[in-house]
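Novice: Below: one structure in structure tokens.
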Amino acid sequence: DSLVELDLTVIGENIMRDTILCEGQPILFGVDTITQPGIYIDTLVSVDGCFSIIQLNVEIQNSISLLGPDQTICFEETPNIPLRVLGYDSLIWFDGRRQETIAVSTPGTYSVQAFSGSCILSDTIEIMEFCEQVAGIYIPNAFSPNDDNVNDFFQPQFVERPQNYSLKIFNRWGGLIYSSENEDPGWDGRVNGQPEPSGVYLYLMTADGAQKSGTITLIR
């Protein structure tokens with residue numbers, strides 16, 4: 001019997017890369033122009049015959065809503081509302097401001113550009129004003145659920161309790177996070193037992209057929 005020992009050196013290599021495809025910005029990969037998400041393979045051959053395989057995993061960054069749905073606000077009840085965009089390299093608002101959060105106090109159309117690597121995303125939001133007067137109802141514009149037994153719940157106040165009543169709370173993206181009817185204890189600022197962050201939320205109240213909507217500011 002003989003024992004043969006072989007020392008093997010691999011000159012070529014397999015290379016795997018992940019990248020994001022910005023909308024409207026194709027990627028040049030080898031001789032191919034990539035416009036769709038997927039997995040792409042290219043082979044590089046050296047002068048001595050060795051080759052490397054490159055695998056490119058491409059995901060597309062679709063248009064997303066940076067500012068959420070359009071809003072209808074009564075500025076008499078809520079003097080200003082924050083517009084907030086988080087998680088991007090930099091921002092440019094309609095008026096040149098660059099911070100993550102700005103406050104608006106008048107109705108109008110507001111826009112922002114967000115930069116993430118080579119991707120540029122943009123969005124606009126329409127802020128409209130409407131103040132509906134419902135007799136015998138007081139709706140606060142802020143509450144502070146910090147368990148000090150002072151203003152811990154968001155709950156409309158009635159001179160005379162309506163027979164049919166419902167309250168719904170939505171987050172800034174339009175998602176329903178609280179709903180109650182008739183014997184309503186009010187919203188304690190939590191969703192599934194977890195405290196929601198400070199910010200502006202939307203409410204829709206119905207009392208004996210009359211509807212009122214607006215915003216409520218949660219303060220922690």
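The values are calculated or read from the model by the stated rules, or taken from the named source; none is laboratory data. Because the structure is a prediction, the values reported are computed rather than measured. In this analysis, Cβ positions are derived from the backbone assuming ideal geometry, glycine residues included, and neighbour counts consider all displayed protein chains. Surface accessibility is based on the protein's heavy atoms, side chains included, excluding ligands, DNA and RNA. Shrake-Rupley method; radii C 1.70, N 1.55, O 1.52, S 1.80 Å.
Novice: Applying a 10 Å radius around every beta-carbon, put 194-203, 156-165 in order of their mean neighbour count, most first.
Specialist: Listed from highest to lowest mean packing, they are 194-203, 156-165.
Novice: Then there is this: Quick check: pseudo-label points 7 Å beyond the Cα along Cα→Cβ at Met16 and Ser179, how many nm apart are they?
Specialist: About 4.3 nm, to one decimal.
Novice: Need one number: the % of Cα-Cα pairs in region 116-220 sitting beyond the 24 Å mark.
Specialist: Within region 116-220, distances greater than 24 Å cover 30 percent of Cα pairs.
Novice: With the chain treated as a Gaussian network of Cα nodes joined by springs under 10 Å, which of Val104, Val150, Val45 yields the largest mean-square fluctuation?
Specialist: Result for the chain, Cα springs under 10 Å: Val45 fluctuates most.
Novice: Sort Lys168, Lys212 by heavy-atom solvent-accessible area, probe 1.4 angstrom, most to least.
Specialist: Lys168, Lys212
Novice: Nearest 0.05, what FRET efficiency do Asp70 and Phe115 give at R0 = 30 Å with Cβ-Cβ as r?
Specialist: The calculated FRET efficiency here is 0.80.
Novice: With unit charges on the beta carbons (Lys and Arg positive, Asp and Glu negative) and the dipole taken about the Cα centre of the chain, which residue among Thr101, Cys22, Ile39 sits farthest to the positive side?
Specialist: Checking the options against the dipole of the chain, the answer is Thr101.
Novice: Which listed residue (Ser90, Gln113, Asn164) has the Cα farthest towards the positive end of the charge dipole for the chain, taking +1 on Lys and Arg C-beta and -1 on Asp and Glu C-beta about the Cα centre?
Specialist: Asn164
Novice: When only DSSP loop residues count, what trypsin sites (Lys or Arg not before Pro) in region 79-131 have their Cβ near at most 15 other Cβ atoms within 10 Å?
Specialist: Here the sparse-neighbourhood loop sites are Arg97, Arg98.
Novice: For Cα pairs less than 8 Å apart in space and 6+ apart in sequence, what is the mean separation divided by the residue count of the chain, i.e. the relative contact order in percent?
Specialist: With pairs under 8 Å counted, the relative contact order is 15 percent.
Novice: Restricting to Cα atoms and excluding each atom paired with itself, what does the Kirkwood estimate give for region 149-193 in Å?
Specialist: Here the Kirkwood hydrodynamic radius works out to 11.7 Å.
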